[in-house]
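Engineer: There's a structure below that I have some questions on.
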């Protein structure tokens, strides 16, 4: 049940997804540029957010394994859609480290992010631009 979800159509191009194991719910709404009202995350927004959150989570796992304190990390994800066929065309991901990371660990953390499951699950047709900033 950990990896099971139930999704209900709520009408008006909205859905409610439930994470079965925890009961956590989220709402999606079709975007304004695709007949929706844009009142919540669009399904493709969740895809973009999944990549960013997976990258940060994977870096957290890697940091723990190598004994580095990750500190504050933020991520900005910009999603660009292709008109025809309508699909994700490009993700621009900017990851900012706000606390000191030793130079000797930066590449390991970056590689862990770039190899996260969500990032690796994207089609090769999706252009991916990733930037790591050490502030």
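Engineer: Give the stretch 85-109 a look and list any residue that's without any contact (Cβ under 8 Å) to a residue 24 or more places away in the chain and closer than 14 Å to residue 59 by Cα, or say none. Give the steps one after another, and end with the answer.
Structural biologist: At the first step, the residues of the stretch 85-109 found to be without any contact (Cβ under 8 Å) to a residue 24 or more places away in the chain are 85, 103-104, 107.
Passing the criteria: only 107.
Engineer: A further question on this structure: Looking for whichever is farther than 28 Å from residue 125 by Cα and without any contact (Cβ under 8 Å) to a residue 24 or more places away in the chain here; the options are 82, 3, 11. Which one fits?
Structural biologist: Details: 82 fails: farther than 28 Å from residue 125 by Cα; 3 fails: farther than 28 Å from residue 125 by Cα.
Step by step, each of 82, 3, 11 is checked, and only 11 is farther than 28 Å from residue 125 by Cα and without any contact (Cβ under 8 Å) to a residue 24 or more places away in the chain.
Engineer: Can we say residue 31 is surrounded by 15 or more Cβ atoms within 10 Å (Cβ to Cβ) and at pLDDT below 95? So that I can check it myself, show each step before the final result.
Structural biologist: On the way: surrounded by 15 or more Cβ atoms within 10 Å (Cβ to Cβ): yes; at pLDDT below 95: yes.
Considered against the rule, which asks whether it is surrounded by 15 or more Cβ atoms within 10 Å (Cβ to Cβ) and at pLDDT below 95, residue 31 comes out as yes.
Engineer: Looking only at the stretch 110-122, which residues are more than 12 Å from residue 63 (Cα to Cα) and touching a residue at least 24 places away in the same chain (Cβ under 8 Å)?
Structural biologist: Kept after step one, since they are more than 12 Å from residue 63 (Cα to Cα), are these residues of the stretch 110-122: 114-122.
Correct list: 114, 115, 116, 117, 118, 119, 122.
Engineer: Looking at (1) exposed (fewer than 15 other Cβ atoms within 10 Å of the Cβ); (2) more than 30 Å from residue 109 (Cβ to Cβ); (3) modelled with pLDDT under 95, which is the one condition that is false for residue 8?
Structural biologist: (3)
The values are calculated or read from the model by the stated rules, or taken from the named source; none is laboratory data. All of these numbers come straight from a predicted model, not from anything done at the bench. Positions of Cβ are backbone-derived with ideal geometry, glycine not excepted, and every protein chain shown enters the neighbour counts.
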